[in-house]
1. For region 161-182, indicate whether the set of residues that are within 15 Å of the ligand (Cβ to nearest atom) and either in contact with a Phe, Trp or Tyr (Cβ under 7 Å, 6 or more places away or on another chain) or more than 22 Å from Ser86 (Cα to Cα) (or both) is non-empty.
2. Residues of region 124-136 being open to solvent by 10 Å² or more (accessible area, probe 1.4 Å), closer than 30 Å to Ile302 by Cα and either away from the ligand (no atom under 14 Å from the Cβ) or not in a loop (DSSP other than H, G, I, E, B) (or both), which ones?
3. Phe47 - would you say it is more than 16 Å from the ligand (Cβ to nearest atom), farther than 22 Å from Pro145 by Cβ and open to solvent by 60 Å² or more (accessible area, probe 1.4 Å)?
4. Working carefully through the options Leu56, Leu80, find the one that is within 16 Å of the ligand (Cβ to nearest atom) and either assigned by TED's automatic domain parsing to the domain that holds Glu99 or open to solvent by less than 80 Å² (accessible area, probe 1.4 Å) (or both).
5. Take Phe70 and decide whether it is within 16 Å of the ligand (Cβ to nearest atom) and either under 26 Å from Leu266 (Cβ atoms) or free of Cβ contacts under 8 Å to residues at least 12 places away in the same chain (or both).
6. So, in region 306-352, of the ones that are without any contact (Cβ under 8 Å) to a residue 40 or more places away in the chain and polar (S, T, N, Q), which residue ends up most open to solvent (accessible area, probe 1.4 Å)?
7. Looking at region 137-213, what strands (runs of 3 or more DSSP E) fall wholly within it and have at least 2 residues that are open to solvent by less than 30 Å² (accessible area, probe 1.4 Å) and more than 24 Å from Phe68 (Cβ to Cβ)?
8. If we keep just the residues of region 214-225 that are outside any helix (DSSP H, G or I) and crowded, with 24+ Cβ neighbours inside 10 Å, which is nearest to the ligand (Cβ to nearest atom)?
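The values are calculated or read from the model by the stated rules, or taken from the named source; none is laboratory data. Quick caveat: nothing in here was measured; it's all calculated off a predicted structure. Here the Cβ positions follow ideal geometry from the backbone for every residue, glycine too, while neighbour counts run over all protein chains shown. Please note that ligands, DNA and RNA were not included when accessible areas were found on the heavy atoms of the full protein model with its side chains. Shrake-Rupley method; radii C 1.70, N 1.55, O 1.52, S 1.80 Å.
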Amino acid sequence: MPASDNTSAQIMFNQFASDNYAGICPEAMQAMQAANTGFTPSYGDDFWTERACEQLRRIFETDCQVFFVFNGTAANSLALASLCRSYHSVICHDLAHVETDECGAPEFFSNGTKLLHIQGPMGKFDLTEVERTITRRSDIHYPRPKVLSLTQATEVGTVYTPGEINAASELAHSYGLRVHMDGARFANAVASLGVAPADISWRAGVDVLCLGGAKNGMALGEVVVFFDKELAHEFEYRCKQAGQLASKMRFISAPWIGMLEGDTWLKNARHANDCAALLAAELTAIEGVRILYPRQANSVFIEMPGEVAEKLRAAGWRFYSFIGSGGARFMCSWQTSTKDVMQLAEAVKKASSGTI
Ligand SMILES: *Cc1c(COP(=O)(O)O)cnc(C)c1O
């Protein structure tokens, strides 16, 4: 566990490290509370889970099959395992969470399916590279490409447009691959693009979506959404075997009702995106600070002198560093306030001008 900060171990105001540092939003909490009445059948055979499924079908405007699991790593790896045999491969981006941050879980749950990671600008695929990876070999010595996995919003806070997803899906499907989407920040992408959720999922060719809840304002819980119901065959056995079937399922499913009824999920995402937009605007004006990627969702990536980053950390600010020295990620959430954003911008200004 990381050491606690120098202000208070309980309440950390000056943090932009991750959207899962945030708490549970009131709507999710209330929905969980509402489900806490009396006895209810276990393992998902309950009223709350049914209502949550209905809400998911409503927002996606289709009769999809949905499964609730504890976290994103489980959602991604079980979804990928269900699409692959052990000798298959999954094409993903170099920076993809499935490749860099899941400790080999996709390979583990699929009994050896290999991830083939490729580069591309702005955290997105270069489709020429994707096609080259698919067609490079067809002999039995090469793990057969079976899935194209996209992250939406991407790991560097950019967003695939409906057209880009369509093009990627068409290419994948033309070679018999399935399309998986890691949607840990899917809500932020929907809010950013102002499109219907279907437009960047099944209508754009996505076969399976892992829809994130935790970063959007829930305590925990992600949904695996199968748009092609055949692919969901026996998926419940995978969930159970992997320890991902909650006995008191209603406490994972009910918060989704609170998030989806009244579109709280999009309100939260829009707020987080707006905070990031404000932060990007403020930081752009600071000399010595360079924005690394176009701000399209709820994060801002910047390059700043190493000593500026050090000063910020010393003052208690929390953020992730990556891509070499000076690179920093500031992540906003439903809980971030514009005051937090302005204070951070002020701190960067002061650190840059040498006044702290
Ligand atoms: C946070 C995140 C996940 C899920 O991570 P867990 O910690 O397993 O819930 C998956 N994909 C991306 C891109 C993420 O940022």
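1. Looking for residues that are within 15 Å of the ligand (Cβ to nearest atom) and either in contact with a Phe, Trp or Tyr (Cβ under 7 Å, 6 or more places away or on another chain) or more than 22 Å from Ser86 (Cα to Cα) (or both), one finds none in region 161-182, hence no.
2. Phe125, Asp126, Leu127, Thr128, Glu129
3. yes
4. Working: Leu56 fails: within 16 Å of the ligand (Cβ to nearest atom).
Within the list Leu56, Leu80, the selection yields Leu80.
5. When the stated conditions are applied, Phe70 passes them.
6. By that ranking, first place goes to Ser325.
7. So the answer is 144-151.
8. Only one residue fits best here, namely Glu222.
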